[in-house]
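Single-structure report; data block below.
None of the figures in this text is laboratory data; all of them are computed from the coordinates on show. Please read these numbers as outputs of a predicted model, since none were measured by experiment. Neighbour counts are summed over all protein chains in view; Cβ atoms, including those assigned to glycine, are modelled from backbone coordinates with ideal geometry.
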Amino acid sequence: MRESRAKLPETACFVISVAARMLNVHPQTLRYYERAGLIAPSRSKGNIRLYSPEDIQRAMHIKRLIEDLGVNLAGVEVIMRLTDRLREQEREIGELRRELEQARAELARLRTAPRDAQ
């Protein structure tokens with residue numbers, strides 16, 4: 001019989017030292033981003049920060065805004081909040097479009113269905 005193993009996470013996660021190396025920043029920079037509410041890495045049972053690929057991408061975006069565009073931290077917060085809100089609204093619009101298409105399809109089906117003789 002095969003020995004059971006703990007399930008691996010669906011996505012890779014990186015500890016802070018690895019994430020910092022990937023981003024070419026000091027680990028304290030990532031802690032600072034977290035304190036500012038810009039990123040929110042998950043935590044292990046031992047309370048170790050675990051950065052997902054999405055967290056890494058978000059941190060890269062923050063770093064680009066600061067280093068390449070000269071945006072200050074307050075500006076980054078505003079940009080990230082607006083970007084998050086825009087993505088959420090785009091998701092909601094997509095859901096509403098799907099619901100609308102389903103309603104239109106149902107209406108078309110009802111219009112073409114034979115009517116019962118009464």
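What the table below lists for this structure:
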| quantity | calculated |
| --- | --- |
| Nearest-ten-degree value, helix 73-112 long axis tilted from longest Cα axis of the chain | 20 degrees |
| Exposed-loop-free span, longest in the chain, where trypsin sites (Lys or Arg not before Pro) count as exposed if DSSP calls them loop and at most 15 other C-beta atoms lie within 10 Å | 46-114 |
| The chain, relative contact order in percent, only Cα pairs under 8 angstrom and at least six apart counted | 19 percent |
| In nm, spacing of pseudo-spin labels at residue 45 and residue 105 (7 Å Cα→C-beta vector) | 4.4 nm |
| Candidates 29, 11, 83: whichever shows maximal mean-square fluctuation once the chain is modelled as a Gaussian network with Cα springs under 10 Å | 11 |
| Among (i) 47, 11, 9; (ii) 44, 25, 10; (iii) 25, 19, 15, the entry derived from the coordinates for semi-axes √(5λ) of the Cα gyration tensor in Å | (ii) |
